[in-house]
Amino acid sequence: MKSPTRNGSLWVLLVLLTGSIGGTAGAAGSAGSPELLQLGQARPTESVATLPPNEPWFPQAPPLPPPPGEVRRVATVEELFAAVATVKPGITVLIAEGHYWLPRCLRIRTDGVTLRGESGNRAKVILDGARSQDGELVALHACAGVTLADLTLQHVPHNGLKINSDSGVQRVTLYNCVLRNFWQRAVKGVKVPLDRLESLRPRDCRIQYCLFYNDRPKRFEDDPADTPENFDGNYVGGIDVMYARGWLIADNVFIGIQGRTREARGAVFLWHETEDCVVERNIIVDCDTGIALGNSHKPAEVPVHARRCVVRNNFITRAPENGIVADFTRDCRIVHNTIHDPANRLGRLIRLVHDNDGLVVANNLLSGPPLRNESSSRVTLRHNLTGDWTSLFVHPATGNLRLRSAPPPGAELPEAVGGVADDMDRQPRGPRPTPGADELVQPD
């Protein structure tokens, strides 16, 4: 059996005192950091000194090897913009530790460029948009093979990393970064023209070992476009991409991505003919929606939102709008996830809506209401164990849903499903594996 992970960090203490991670951040931002009230107006935030959430049981990024090839070092905002504007394909730009106040969007247009914090400590190389004239922090245009690593991106009213897919952006890697306080999307991939879909759609991108978090729920003043007449302060999410193919979104942590009325978009939101993507080993805590394969808005020219996508081995805690939702999908799989939200207001730990032909939902551990099937399709539902499993988890208040002990006596252990050979911690699964994302390893 795994030994439970315990920790007594300040972050855990604050969570226990307030009852949720999102509440902790919101209270701190309101009372102790008045500048946060005006982030949408690009005011400075020098007095904000909150550290990013960090727990020893979060996925840990293996350090990157030394950069190959030519390296260009920068230590000022001016040097950074000059390097990005003039860099040749394949060059690594190493950024010295420091807090970089970007006056405008940083635009990358060159293939094979790596933008990387030199020390490897992502918390000490901060690209900050709180004083920027633009609504986006970093944007990619007509380039392939770009990597951003070991950085913190924070504070703009719209998008943190904008992938301009309509210009042909491919093979982007976002590795070991912090993305904080983006009031529309932390990562946004836009529509592509349908007559050039196959040549332009964003392919083979990887987002791994990143931390996505907002200090508090979104407010109207963060984003003047998000009005009561539009999305009522709920137009905010983590990763939102259209027409993706072959993406890996893995080993990330998402905390406190919340709309004004707790109806925000997904921490991970894939739609508009997204194909062959894998979402695995992520930890999602106090986000309004966890993982969304599609949504109920489907334009006539879009046959399905997600095709052959796999959602597996994820922890999701307190997602009041949806834990995992499948809406207009085909041949997708939602397997071996653990979702904890006994008081879920809508009964939507897993929700299936509209057409979901070929969908398999199996071996999930649902701590709260049972799966909600509103789909008109014939879907495969197997061995999704439902109950209040709070006492089974190591630390459900902070989102650590690893198991202390086996499911209760009499619970039917599921049969194995293909494509899930290991668990959240990459431990191998047996022929009759434990339900959910954490495989319970028994002593020899």
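The values are calculated or read from the model by the stated rules, or taken from the named source; none is laboratory data. Fair warning: this is a prediction, and the values are worked out from it, not measured in the lab. Quick reminder, even Gly has a Cβ in these numbers, built from the backbone with ideal geometry, and neighbours come from all protein chains shown.
On the given criteria, is GLN170 of a type in the set (S, T, N, Q) and within 25 Å of LEU197 (Cβ to Cβ)? Judged against the criteria, GLN170 is a match.
Selection of segment 341-368 for residues being in contact with a Phe, Trp or Tyr (Cβ under 6 Å, 6 or more places away or on another chain) and closer than 26 Å to PRO433 by Cα yields only SER367. The test for being out of contact with any helix residue (DSSP H, G or I) (no Cβ under 9 Å at 6 or more places or on another chain), more than 18 Å from ALA267 (Cβ to Cβ), in a loop (DSSP other than H, G, I, E, B) and of a type in the set (A, V, I, L, M, F, W, C) does not hold for ALA319.
Scanning segment 204-249 for residues that are outside any loop (DSSP other than H, G, I, E, B) and out of contact with any Phe, Trp or Tyr (no Cβ under 8 Å at 6 or more places or on another chain) yields PHE220, GLU221, ARG245, LEU248, ILE249. Residues in segment 254-287 that are under 23 Å from CYS332 (Cα atoms) and of a type in the set (Val, Ile, Thr) were compared, and the one that is surrounded by the fewest Cβ atoms within 10 Å (Cβ to Cβ) is VAL278. Name every residue in segment 312-369 that is among the acidic types (Asp, Glu) and within 18 Å of the chain's Cα centre (by Cα), in order of residue number. Passing the criteria: only GLU321. Can you find, within segment 47-70, the residue that is surrounded by the fewest Cβ atoms within 10 Å (Cβ to Cβ) among those that are at pLDDT below 50 and farther than 24 Å from LEU115 by Cβ? If we take residues in segment 47-70 being at pLDDT below 50 and farther than 24 Å from LEU115 by Cβ, then ALA49 is surrounded by the fewest Cβ atoms within 10 Å (Cβ to Cβ). Which of the residues that make up segment 92-117 are assigned to a loop (DSSP other than H, G, I, E, B) and either free of Cβ contacts under 8 Å to residues at least 12 places away in the same chain or buried (at least 18 other Cβ atoms within 10 Å of the Cβ) (or both)? Scanning segment 92-117 gives LEU102, CYS105, THR110, VAL113.
Against the definition (crowded, with 20+ Cβ neighbours inside 10 Å and of a type in the set (Lys, Arg)), how does ARG345 come out, yes or no? Here the answer is no, as ARG345 does not meet what is asked.
Kindly indicate whether GLU35 is surrounded by 15 or more Cβ atoms within 10 Å (Cβ to Cβ), at pLDDT below 95, in contact with a Lys or Arg (Cβ under 6 Å, 6 or more places away or on another chain) and acidic (Asp, Glu). Criteria met by GLU35.
Meeting the requirement of 2 or more residues that are over 25 Å from VAL285 (Cβ atoms), the strands (runs of 3 or more DSSP E) wholly within segment 374-436 are 380-382.
Hey, does segment 177-188 have a residue that's touching a His at 6+ places or on another chain (Cβ under 6 Å) and either assigned to a strand (DSSP E or B) or surrounded by 23 or more Cβ atoms within 10 Å (Cβ to Cβ) (or both)? Looking through segment 177-188, at least one residue is touching a His at 6+ places or on another chain (Cβ under 6 Å) and either assigned to a strand (DSSP E or B) or surrounded by 23 or more Cβ atoms within 10 Å (Cβ to Cβ) (or both). Close contacts from segment 137-151, counting a first residue that is part of a strand (DSSP E or B) and a second that is of a type in the set (Gly, Ala, Ser) and surrounded by 23 or more Cβ atoms within 10 Å (Cβ to Cβ), with Cβ to Cβ under 6 Å and a gap of 6+ residues or different chains, come to LEU137/GLY129; LEU137/GLY160. Being surrounded by 20 or more Cβ atoms within 10 Å (Cβ to Cβ) and aliphatic (A, V, I, L, M) is the requirement here; does VAL325 meet it? Spelling it out, VAL325 is indeed surrounded by 20 or more Cβ atoms within 10 Å (Cβ to Cβ) and aliphatic (A, V, I, L, M).
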